[in-house]
C-alpha cells in the first residue's frame, strides 16, 4: 500500500482535466531540466515555472514549495520504475529461471537508464528531501512482483524464496545505484550491466534446491 506523503510535502490538488494534466507534465519535465542544469540546491520554483512556461502562481496551485515539488517528481519516477518491473515480472511468470532473472535485471536496468541524467539528479534529491518512504514502497512493489514470478519457475525450488529474492534485489539495487553515483564511462556502464545479469543468473541457479 502506498502511504500518503507527509502533510508539508503533499500536493495541493490533483489534476482532473486534460489541460491540467498537460500543465503538470510540463512542470515535471521542467523540474528535471532545472535539476540537470542547476542541481537540487539551486533549483527554485521560479526557475521551474519559467522553464515550464507557466506562472509561479500556477505551479503553487499544485505544490506549495520546492520540497513538495521534488517529492512529487520522485514519487512519479519511482512509481514508473516499479510499474516497469511489475510488468516484466507478470509477463515472465512460468518462464525458465534464467529467463526470469534476465527479465528482472533488464527491466530494472532499462527503467533506471532510460534517462540516466535524470536518475542521477533524483539520487541527489534524496539528500534534500526525505523520500525514504517512497523508495521503500518502490522496493516492496518490486520485491512482491519478483517473488511471485520466481515462485512460478518450473525449473527451480528454493528453501527460502524470501531470503533469496531480497538478497538478489539488494545486490541489484546497490549495483545500479553505484553506477549512477560515480563518474564512470559509458563502456563500463554497459559492462556492469552484462556482468550483473551473469551474477544474478548464477546466484539464482546456485540458490535452488538440487
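Things worth noting here:
- Ellipsoid fit via the Cα gyration tensor, the range 7-207: semi-axes of 36, 18, 14 Å, each the root of five times an eigenvalue, largest first.
- Length, then width, then depth: along the principal axes, the Cα atoms of the range 104-210 run 45, 33, 17 Å.
- Taking 86, 190, 183 and counting other C-beta atoms within 10 Å, the order from fewest to most: 183, 190, 86
- Acute angle (nearest 10 degrees) that the helix 132-151 long axis makes with the longest principal axis of the chain, alpha-carbon atoms: 30 degrees
- Degrees separating the helix 161-180 axis from the principal Cα axis of the chain, which is the longest one: 50 degrees
No lab work stands behind these numbers, since they all come straight from the coordinates. Computed from a predicted structure; not experimentally measured. Note that each Cβ is placed from the backbone with ideal geometry, even for glycine, and that neighbours are counted across all protein chains shown.
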